[in-house]
Amino acid sequence: MNLTDALRTHRLLAIVRGPDPAAALASVLTLADSGVALIEVSLTGADALGVVRRARAALGPEFALGAGTVLTAEDARAAAEAGAAFLVTPALAESLDEAPRLGLPVLAGALTPTEVVRARAAGAAAVKLFPASIGGPDYLGALRDPFPDTPLVPVGGVDADSARRYLDRGAIAVGVGSPLLGDAVRGGDPAALRERAAAFLAAVRP
């Protein structure tokens, strides 16, 4: 898949991480049914690879389903085997070197200008500005000046209100975890998750 184009098009990456694999899977499927077209399952969640595997079987081969918090080469290989179409890292990690061998694009975590340069040099399709809350939309906007062609995706502390501000300052998409998922990953109300999904989709709409 072309991850950069998908991020530019859909502008919202949902991040699913939770202690209950059944609830995490249900959350992925609810989000997809609600129109969220890019979903990451973090490997720090319970039985995350199983969630990816079952979600891939349910959603089909074309859905943009990825694995997050992919740190090692072993993590990358396991995620690819489970059916991940892209990888996400929280930092410059060993998985960046393994991804090209697997044919998978990477959204690579970085915070400083030096890390942004290194992420792109390592072949990252886009740069995950993490944790974005440290500098907020103004920091992302400042990074756009020296890196006007670098696709930036803020993650960490992004809510429905700040999502629009990040996009207005030059982000190509936003990554959202708990403000979107809420208690759904612990078995919470799926109707409430649908409402939050609708609110975020409205917030990122061009």
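The values are calculated or read from the model by the stated rules, or taken from the named source; none is laboratory data. Just so it is clear, the model here is predicted, and its values are computed rather than measured. Cβ: placed from backbone, ideal geometry, glycine included. Neighbour counts: every protein chain shown. Quick note on the areas: whole protein, heavy atoms, side chains included, nothing else; ligands and nucleic acids left out. Shrake-Rupley method; radii C 1.70, N 1.55, O 1.52, S 1.80 Å.
I want to confirm something. Restricting to the stretch 111-146 and keeping residues that are open to solvent by 60 Å² or more (accessible area, probe 1.4 Å) and among the hydroxyl-bearing types (Ser, Thr, Tyr), which single residue is nearest to the chain's Cα centre (by Cα)?
The residue in question is 133.
If I filter the stretch 166-174 for residues that are within 19 Å of residue 32 (Cβ to Cβ) and open to solvent by less than 10 Å² (accessible area, probe 1.4 Å), do I get at least one hit?
yes
Within the stretch 87-110, work out how many residues are among the small types (Gly, Ala, Ser) and either open to solvent by 10 Å² or more (accessible area, probe 1.4 Å) or touching a Gly at 6+ places or on another chain (Cβ under 7 Å) (or both).
Number of matching residues: 3.
Is it the case that the stretch 190-204 has a residue that's in contact with a Pro (Cβ under 9 Å, 6 or more places away or on another chain) and either surrounded by fewer than 16 Cβ atoms within 10 Å (Cβ to Cβ) or assigned to a helix (DSSP H, G or I) (or both)?
yes
Out of curiosity, is residue 29 touching a residue at least 12 places away in the same chain (Cβ under 8 Å), closer than 23 Å to residue 196 by Cα, of a type in the set (A, V, I, L, M, F, W, C) and buried (at least 21 other Cβ atoms within 10 Å of the Cβ)?
no
Assess whether residue 72 counts as being at pLDDT 95 or above, more than 22 Å from residue 176 (Cβ to Cβ), surrounded by fewer than 19 Cβ atoms within 10 Å (Cβ to Cβ) and not small (Gly, Ala, Ser).
Against the criterion (at pLDDT 95 or above, more than 22 Å from residue 176 (Cβ to Cβ), surrounded by fewer than 19 Cβ atoms within 10 Å (Cβ to Cβ) and not small (Gly, Ala, Ser)), residue 72 qualifies.
Picking from 185, 117, which residue would you name as being in a helix (DSSP H, G or I), more than 24 Å from residue 1 (Cβ to Cβ) and in contact with a strand residue (DSSP E or B) (Cβ under 7 Å, 6 or more places away or on another chain)?
The conditions single out 185.
Based on what the data block shows, is residue 170 touching a Leu at 6+ places or on another chain (Cβ under 8 Å), farther than 25 Å from residue 94 by Cα and modelled with pLDDT of 95 or more?
So residue 170 passes the test.
Quick check on the stretch 36-46. Is at least one of its residues free of Cβ contacts under 8 Å to residues at least 12 places away in the same chain, open to solvent by 30 Å² or more (accessible area, probe 1.4 Å), assigned to a loop (DSSP other than H, G, I, E, B) and not hydroxyl-bearing (Ser, Thr, Tyr)?
No, that holds for no residue.
Look at residue 180 and say whether it is more than 18 Å from residue 4 (Cα to Cα) and assigned to a helix (DSSP H, G or I).
Criteria met by residue 180.
Could you list all residues from the stretch 53-83 that are more than 12 Å from the chain's Cα centre (by Cα) and assigned to a loop (DSSP other than H, G, I, E, B)?
60, 61, 62, 63, 71, 72, 83
Is it the case that residue 5 is touching a helix residue (DSSP H, G or I) at 6+ places or on another chain (Cβ under 8 Å), surrounded by fewer than 19 Cβ atoms within 10 Å (Cβ to Cβ) and modelled with pLDDT of 95 or more?
Spelling it out, it is not the case that residue 5 is touching a helix residue (DSSP H, G or I) at 6+ places or on another chain (Cβ under 8 Å), surrounded by fewer than 19 Cβ atoms within 10 Å (Cβ to Cβ) and modelled with pLDDT of 95 or more.
If a residue must be of a type outside the set (A, V, I, L, M, F, W, C) and either free of Cβ contacts under 8 Å to residues at least 12 places away in the same chain or in contact with a strand residue (DSSP E or B) (Cβ under 8 Å, 6 or more places away or on another chain) (or both), how many such residues does the stretch 189-204 contain?
2
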